[in-house]
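Notes follow the structure.
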Amino acid sequence: MKDDYQLTDLDRAFYEWQLDVPGFGEAGQAKLRNATALVSRAGGLGGPLAFSLAAAGIGKLVIAHAGDLRHDDLNRQILMRHDGIGKPRVDSLVTTLRSFNPNVEVEAIAENVSDANAAELVAKVDIVFGAAPLFEERFALNRECVRQNKPLIDAAMFSLEGQVISIVPGKTPCLACLYPEVPPHWKRRFPVFGAVSALAANIAAMEGIKLLAGIGEVTLNRMIYFDTATMRFQQIRIQRNPDCAVCQSQPPS
């Protein structure tokens, strides 16, 4: 993370309300402005997540999302627009984010995270937000975050339920501790409401903001789980797997 950004009068005007958050202030805002975050996919989860990070004033967003926009994306992918149907998703997301907050740098990559590009993408940033629907992408991010000692906020949802896990190498379980392999019968397409995705996304965004700015209590060694069918929220304790193929060699910190 850089440490050379000094807030401008425009920053103070734009972020005035959040500067009043106890424990945050100008020092916390400067930490966000100095930070670069990777968001894996900008769909129903990653889109609201990236939007909230831009609203909070993250310095730079690196967003990896391949493919062209389809009609069935539009019920939940808030960075997309109808006039972008049939065009690369990255075009819509860049236009939306830059028009919303031109002071946030956006680097859009028209690829999904894979074993081939994960190392390069993670190396660009200070923190990673995983919002991909496929475990293969989430596993690639997890592996590289552990290897490069970068924090990962992993968000997921299914139907009316969602979960967020904050992974800090050496301090918490990694994703592979909880999911040693792809769950059987998992598919890319699953039931989803945009509001449920956005709820998981904004919980993940706040976990990352707290971690970067050093405010509040980041939820470590616990999974944040919610079920909107009953509006039940809980924290489920999770533990490192001493035999984890990914993080077993990571020394405690």
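Output the residue which, of all residues in the stretch 50-72 that are among the β-branched types (Val, Ile, Thr) and in a strand (DSSP E or B), is farthest from residue 37 (Cα to Cα). Give the derivation first.
Taking the stretch 50-72 as the starting set, the residues that turn out to be among the β-branched types (Val, Ile, Thr) are 58, 62-63.
So of that shortlist, the ones also in a strand (DSSP E or B) come out as 62-63.
On the way: 62: 6, 63: 8 Å.
Per the criteria, the residue is 63.
Does residue 224 qualify as being closer than 17 Å to residue 158 by Cβ, in contact with a helix residue (DSSP H, G or I) (Cβ under 7 Å, 6 or more places away or on another chain) and surrounded by 15 or more Cβ atoms within 10 Å (Cβ to Cβ)?
In short, yes.
Answer with yes or no whether residue 215 is hydrophobic (A, V, I, L, M, F, W, C) and within 14 Å of the chain's Cα centre (by Cα).
Values: hydrophobic (A, V, I, L, M, F, W, C): yes; within 14 Å of the chain's Cα centre (by Cα): no.
Considered against the rule, which asks whether it is hydrophobic (A, V, I, L, M, F, W, C) and within 14 Å of the chain's Cα centre (by Cα), residue 215 comes out as no.
Number of residues in the stretch 60-91 that are crowded, with 18+ Cβ neighbours inside 10 Å and either of a type in the set (Val, Ile, Thr) or at pLDDT below 90 (or both): the value is 12.
Would you confirm whether any residue within the stretch 22-38 is assigned to a strand (DSSP E or B) and farther than 29 Å from residue 158 by Cα?
To start, the set of residues in the stretch 22-38 that are assigned to a strand (DSSP E or B) comprises 36-38.
The next check asks that each one be farther than 29 Å from residue 158 by Cα; those that pass are none.
The answer is no; no qualifying residue exists.
Within the set 57, 25, the sole residue that is modelled with pLDDT of 95 or more, more than 25 Å from residue 144 (Cα to Cα), under 16 Å from the mean Cα position of the chain (by Cα) and surrounded by 14 or more Cβ atoms within 10 Å (Cβ to Cβ) turns out to be 57.
Selection over the stretch 73-105 of residues that are in contact with a strand residue (DSSP E or B) (Cβ under 7 Å, 6 or more places away or on another chain), part of a helix (DSSP H, G or I) and either small (Gly, Ala, Ser) or within 19 Å of residue 198 (Cβ to Cβ) (or both) gives a count of 5.
Conditions (1) part of a strand (DSSP E or B); (2) buried (at least 24 other Cβ atoms within 10 Å of the Cβ); (3) within 13 Å of the chain's Cα centre (by Cα); (4) not hydrophobic (A, V, I, L, M, F, W, C), marked per residue:
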site: 121; (1), (2), (3), (4): no, no, no, no
site: 129; (1), (2), (3), (4): yes, yes, yes, no
site: 132; (1), (2), (3), (4): no, yes, yes, no
site: 136; (1), (2), (3), (4): no, no, no, yes
site: 140; (1), (2), (3), (4): no, yes, no, no
site: 143; (1), (2), (3), (4): no, no, no, yes
site: 150; (1), (2), (3), (4): no, no, yes, yes
site: 153; (1), (2), (3), (4): yes, yes, yes, no
site: 156; (1), (2), (3), (4): yes, no, yes, no
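The rows are residues; the columns are (1) exposed (fewer than 14 other Cβ atoms within 10 Å of the Cβ); (2) free of Cβ contacts under 8 Å to residues at least 24 places away in the same chain.
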residue	(1), (2)
174	no, no
178	no, no
182	yes, no
190	yes, no
234	yes, yes
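Only one of the numbered conditions (1) of a type outside the set (Lys, Arg); (2) over 16 Å from the mean Cα position of the chain (by Cα); (3) at pLDDT 95 or above; (4) part of a loop (DSSP other than H, G, I, E, B) is not met by residue 234, and that is (4). Please tell me if residue 33 is under 16 Å from residue 103 (Cβ atoms), of a type in the set (Lys, Arg) and within 22 Å of the chain's Cα centre (by Cα). Against the criterion (under 16 Å from residue 103 (Cβ atoms), of a type in the set (Lys, Arg) and within 22 Å of the chain's Cα centre (by Cα)), residue 33 qualifies.
Scanning the stretch 95-119 for residues that are closer than 17 Å to residue 35 by Cα and loosely packed, with under 13 Cβ neighbours inside 10 Å yields a single hit, 102.
The values are calculated or read from the model by the stated rules, or taken from the named source; none is laboratory data. Being a predicted model, the structure only gives us computed values, none of them experimental. Note that each Cβ is placed from the backbone with ideal geometry, even for glycine, and that neighbours are counted across all protein chains shown.
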